[in-house]
1. How many of the residues in the stretch 51-78 are modelled with pLDDT of 80 or more and not hydroxyl-bearing (S, T, Y)?
2. Going by the conditions given, is I97 open to solvent by 60 Å² or more (accessible area, probe 1.4 Å) and in contact with a Phe, Trp or Tyr (Cβ under 8 Å, 6 or more places away or on another chain)?
3. Quick check on my filter: what residues within the stretch 99-113 are over 14 Å from L81 (Cβ atoms) and out of contact with any helix residue (DSSP H, G or I) (no Cβ under 7 Å at 6 or more places or on another chain)?
4. Does R134 meet the test of being among the charged types (D, E, K, R), touching a residue at least 12 places away in the same chain (Cβ under 8 Å) and in contact with a Cys (Cβ under 8 Å, 6 or more places away or on another chain)?
5. What single numbered condition from (1) within 24 Å of the chain's Cα centre (by Cα); (2) of a type in the set (S, T, Y); (3) within 30 Å of S125 (Cβ to Cβ) fails to hold for Y175?
6. Assess whether G191 counts as being open to solvent by 70 Å² or more (accessible area, probe 1.4 Å) and in contact (Cβ under 8 Å) with a residue 12 or more places away in the chain.
7. When the residues of the stretch 146-180 are narrowed to those that are open to solvent by 80 Å² or more (accessible area, probe 1.4 Å) and assigned to a loop (DSSP other than H, G, I, E, B), which ends up farthest from Q211 (Cα to Cα)?
Amino acid sequence: AGKHKLLAACDLEMAARASSHFMAAEEFSLLALDYSLLTNPYLVDHFLVGSIPFVTFPQNVECLACLGETPTPSPLFHRELKRELAIHSRAALVVCISPEDAWFFRNTGCRAEVFPYYPGEADESKFVSLRKRRENSERSGFTIVGSASNPPTRDGMQALACMLKSSRLLRDEKYWLAGHGVTGITDFFKGLNVECLGVARDAELEAVLCQ
C-alpha cells in the first residue's frame, strides 16, 4: 500500500525479470517468493545479494530438498537441505501451512509464522450443510481421502492399510478410497472391504460421508 511495492514471484520468467530489472532499480520493497524458485541457484544469488527483503512460502516440510522423494537420505540430500534452510533463515518471514511446519522452521533459526486457512463463504455454507446432513446418518465405515500421486501420501496410505489389516477392531469395517492416483494403490488394501471411488465428484463424496 502507498509507497511500498510488493512483487509476488511465482514463476521463473517473473523471477528473472525481478532479478535483472526490478531489483536493480530497487523498485520494490518486498519480494514474495514461491518456494519452487529457491531451487534455482542463479535466481537465489540475485535475490540474496540485493537489499530487498523477501518472504518464502514452502508448501510443507516435505518439499525441502525433495524430502518426499528421498527414501534414504544421502550426503547430497543433507547438503541441499542445509543450503535451503540457510536461504529460509535469511528471509524476512517464512509463511507455513501448519503449526508443525512453523515449529520446524523456527527450530532451524527461521522467522516462521502460520497462515491459517479459512474457507470462503460458499465453502463454509457447504460444510455447514454437510454437517447437518451427517447428524442423522449412521456414520458407518471410514472414508480415506488423499493424493496417492504424492509419494509421502502414498507411503502413508500404505502404512495405514497395514495398520487396518492388523487391527481386530478395524479390519472388518467398510472403507471408501478417494483421491488422485488411488486406483493404483488398491493392492495396499487387499483383504479389506474397500470401495475405490477414484477422483470423486463433490456430490459423490458427500453421499458417502452422509451414509
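1. Residues that pass the stated criteria total 3.
2. Details: open to solvent by 60 Å² or more (accessible area, probe 1.4 Å): yes; in contact with a Phe, Trp or Tyr (Cβ under 8 Å, 6 or more places away or on another chain): yes.
Criteria met by I97.
3. Matches in the stretch 99-113: P99, E100, A102, W103, R106, R111.
4. yes
5. (1)
6. yes
7. Among residues in the stretch 146-180 that are open to solvent by 80 Å² or more (accessible area, probe 1.4 Å) and assigned to a loop (DSSP other than H, G, I, E, B), the one farthest from Q211 (Cα to Cα) is S149.
Yes or no, residue by residue, for (1) over 24 Å from the mean Cα position of the chain (by Cα); (2) of a type in the set (D, E, K, R):
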| residue | (1), (2) |
| --- | --- |
| C110 | no, no |
| R134 | yes, yes |
| K165 | yes, yes |
| L192 | yes, no |
| C210 | yes, no |
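The values are calculated or read from the model by the stated rules, or taken from the named source; none is laboratory data. In this text the structure is predicted, and so the values were computed from the model without any measurement. No Cβ is skipped: glycine too gets one built from the backbone with ideal geometry, and neighbour counts run over all protein chains shown. What goes into the accessible areas is simple: the full protein's heavy atoms, side chains included, and nothing from ligands, DNA or RNA. Shrake-Rupley method; radii C 1.70, N 1.55, O 1.52, S 1.80 Å.
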